[in-house]
Amino acid sequence: MPGDDQAELRLRASDADRERVAGLLGEALADGRLTVDEHRERIELLYASRTHDELTPLTADLGSGQRDVERQRSAVPVERVAPQVAILSSTMARPTGRVQGRIVGVAVLGEARIDLTYASLGEDGVEITAQAIFGSVDVVVPPRARVTMTGFPLAGSLSPTREPGPADGPHVKVSAFALLGSVTIHRAEVKEGDG
């Protein structure tokens, strides 16, 4: 998904990321896809780079090396979000790295909050299971996320976002159940200067 890819590309590159690209450049030099001068120039750019979007162009024209760059991008570490269970209490998860897979929020006479404002959503998006029993589960999605909500309120309420979001945005799927409680999805506001 283009929006998700752009967020991933803005992530800071680690020393390990730079070493993987250096290996690809070394292979390209060894098999004649790069000249010595081109290799030296790209190595200088490589070690001056700070983000993934600065690394990608260094190997984009190297044929099979591009598959390795794609694997490298998908190797961005995934931040695990622990289940948020609030029983007569409140809890909040606010991941700031790459998030994918399933996230669980349960509130029993309490409040659980899952805030994805600063997270980079994985290629397949995320699935959130939210259960509010005499409590509330609040989910905050990134500004460009595409949101779908399904579920069942039993004397409770389910409140999706007003708009589902752009069709090409990272997908957030929420499966909700509310028993005398509420599950609410909020969209984070775009900060000035953001796309």
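The values are calculated or read from the model by the stated rules, or taken from the named source; none is laboratory data. What you see is a predicted model, and the numbers here were worked out from it, not measured in a lab. Positions of Cβ are backbone-derived with ideal geometry, glycine not excepted, and every protein chain shown enters the neighbour counts. What goes into the accessible areas is simple: the full protein's heavy atoms, side chains included, and nothing from ligands, DNA or RNA. Shrake-Rupley method; radii C 1.70, N 1.55, O 1.52, S 1.80 Å.
Tabulated data
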{"read-out": "Inter-label distance, nm, simple model (7 Å from Cα along the C-beta direction), His186/Arg80", "value": "2.8 nm"}
{"read-out": "Other-chain or far-sequence residues with amide H under 5 Å of Gly169's (modelled H)", "value": "Arg146"}
{"read-out": "Theoretical FRET efficiency, 1/(1+(r/R0)^6), r = Cβ-Cβ of Ser157 and Glu123, R0 35 Å, to 0.05", "value": "0.65"}
{"read-out": "Solvent-accessible surface (1.4 angstrom probe) belonging to Arg50, in square angstrom, nearest 10", "value": "140 Å²"}
{"read-out": "Probe 1.4 Å - accessible area at Phe134, Å² to nearest ten", "value": "110 Å²"}
{"read-out": "Simple spin-label estimate for Asp53 and Thr35 in nanometres, 7 Å along Cα-Cβ", "value": "3.1 nm"}
